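To start, the structure under review is shown below, and the notes come after it.
The values are calculated or read from the model by the stated rules, or taken from the named source; none is laboratory data. If you're wondering where the values come from, they're calculated on a predicted model, not measured in any experiment. Cβ placement follows ideal geometry from the backbone for every residue including glycine, while neighbour counts extend to all protein chains displayed. Keep in mind that these areas ignore ligands, DNA and RNA; they rest on the heavy atoms of the full protein, side chains included. Shrake-Rupley method; radii C 1.70, N 1.55, O 1.52, S 1.80 Å.
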Amino acid sequence: MSRTIAVLGGTGPEGFGLALRWARAGETIIIGSRNAERAQDAAEKIKLKVGSHAQVSGDENSAACAAAGLVVLTIPFEGHASLLKQIKPAIRAGSIVVDTTVPLASSVGGRASRTLGVWQGSAAQETAELAPKGTSVVAAFQNLSADLLNGDGSVECDALVCSDDPDASKAVRLLATKIPGVRAIDGGKLENARILEQITALLIGLNIRHKGHSGIRITGLPAASYQP
Ligand SMILES: NC(=O)c1ccc[n+]([C@@H]2O[C@H](COP(=O)([O-])OP(=O)(O)OC[C@H]3O[C@@H](n4cnc5c(N)ncnc54)[C@H](OP(=O)(O)O)[C@@H]3O)[C@@H](O)[C@H]2O)c1
């Protein structure tokens, strides 16, 4: 499978930050957007930050999916289901789809520190329902702050990775550890994604209350659990 990573919604802070970190680590990235030109502008910005050797390009979301083996969704929840329906024919057989989406109430005019109920249990489980058969869905990166990802420093946060496919989970844990400061931990089945999504709402509330960029660290596990 191609190692190329499509980051859909990579024009926004979360996707841009992930793409930036992975480009710095030497990964091949395609930024996806509803508008190809916007995606290309974001790719150029990453090249300016990382250097001209960075393997980053930009394209419309479906075209980006069609050229990648690993697709990362970094879009607001209000566009989640419709984007998945749009890209479904473009997702290559055997692809891994990583969902970072948090169904924040702010997407329907509510508070960012609350989540919406999702019929399937979580945004990631909605993805599993809407993705083509043979796709492995992984929930990850919901708790990583875009502000920290877009900085130059270490991202002090653990990435809990949840999936029903152990191989896909491991591939995403390896990718997570390419971000300095991030430890990746197997978070179990995809159904645990609803907890990861809720934690983000809590972190947003903490950031508002304490004016910071909070993250999470899991302690007390055997050393091997912190190795991807
Ligand atoms: N920001 C954070 O710190 C953070 C942390 C953890 C997780 N997350 C999650 O990551 C996701 C992205 O966060 P973000 O802050 O980067 O979001 P954002 O800036 O609101 O959106 C990211 C990109 O998604 C695209 N987009 C916007 N509305 C869309 C729609 N209705 N349909 C399809 N695409 C749409 C836009 O790209 P184009 O206009 O170029 O298509 C936009 O630049 C969210 O689900 C968020 O909850 C965010």
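Among the listed residues ASP167, ASP147, which satisfies the condition of being within 12 Å of the ligand (Cβ to nearest atom) and either over 30 Å from ALA43 (Cα atoms) or exposed (fewer than 15 other Cβ atoms within 10 Å of the Cβ) (or both)?
Answer to the selection: ASP147.
Looking only at the stretch 84-101, filter to residues that are open to solvent by less than 20 Å² (accessible area, probe 1.4 Å) and near the ligand (Cβ under 9 Å from one of its atoms); which one of those is farthest from VAL71 (Cα to Cα)?
Per the criteria, the residue is THR101.
If SER2 satisfies every condition in (1) open to solvent by less than 50 Å² (accessible area, probe 1.4 Å); (2) modelled with pLDDT of 95 or more; (3) farther than 18 Å from ILE179 by Cα but one, which is the exception?
(2)
Inspect all residues belonging to the stretch 146-168 and state whether any of them is closer than 17 Å to LYS85 by Cα and outside any loop (DSSP other than H, G, I, E, B). Spell out how you get there, then give the answer.
Start the filter on the stretch 146-168 by keeping residues that are closer than 17 Å to LYS85 by Cα, which leaves none.
No: the stretch 146-168 contains no residue that is closer than 17 Å to LYS85 by Cα and outside any loop (DSSP other than H, G, I, E, B).
Results for (1) out of contact with any Lys or Arg (no Cβ under 8 Å at 6 or more places or on another chain); (2) under 20 Å from LEU20 (Cβ atoms); (3) within 14 Å of the ligand (Cβ to nearest atom), shown as yes or no for each residue.
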site	(1), (2), (3)
LEU104	no, no, yes
GLN120	yes, no, no
ALA131	no, no, no
ALA139	yes, no, yes
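Considering only the stretch 214-228, state which residues are open to solvent by 90 Å² or more (accessible area, probe 1.4 Å) and at pLDDT below 95.
GLN227
In the stretch 42-55, what residues are within 15 Å of the ligand (Cβ to nearest atom) and touching a strand residue (DSSP E or B) at 6+ places or on another chain (Cβ under 7 Å)? Show your work before the answer.
Filtering the stretch 42-55 down to residues within 15 Å of the ligand (Cβ to nearest atom) leaves 42-46.
Those that are within 15 Å of the ligand (Cβ to nearest atom) and touching a strand residue (DSSP E or B) at 6+ places or on another chain (Cβ under 7 Å): ALA42, ALA43, ILE46.
Checking GLY110 against (1) open to solvent by 30 Å² or more (accessible area, probe 1.4 Å); (2) under 22 Å from ASP164 (Cα atoms), which test does it fail?
Condition (2) is where GLY110 drops out.
What tally of residues in the stretch 113-144 results from selecting those that are touching a residue at least 60 places away in the same chain (Cβ under 8 Å), open to solvent by less than 40 Å² (accessible area, probe 1.4 Å) and within 27 Å of ILE91 (Cα to Cα)?
Of the stretch 113-144, the ones touching a residue at least 60 places away in the same chain (Cβ under 8 Å) are 113-115, 118, 121-125, 128, 141, 143-144.
Filter once more, keeping what is open to solvent by less than 40 Å² (accessible area, probe 1.4 Å): 115, 118, 121-124, 141, 143-144.
Okay, now just the ones that are also within 27 Å of ILE91 (Cα to Cα), so 118, 121-124, 141, 143-144.
So the answer is 8.
For the stretch 1-33, name all the residues that are assigned to a strand (DSSP E or B) and over 9 Å from VAL56 (Cβ atoms). Before you say what the answer is, go through the steps one by one.
Let us first name the residues in the stretch 1-33 that are assigned to a strand (DSSP E or B), namely 5-8, 29-33.
Of everything in the stretch 1-33, those that are assigned to a strand (DSSP E or B) and over 9 Å from VAL56 (Cβ atoms) turn out to be ILE5, ALA6, VAL7, LEU8, GLY32, SER33.
Specify which of the listed residues (SER52, SER62) is open to solvent by 10 Å² or more (accessible area, probe 1.4 Å) and modelled with pLDDT under 95. Don't jump to the end; show me each part of the working.
Working: SER62 fails: modelled with pLDDT under 95.
The conditions single out SER52.
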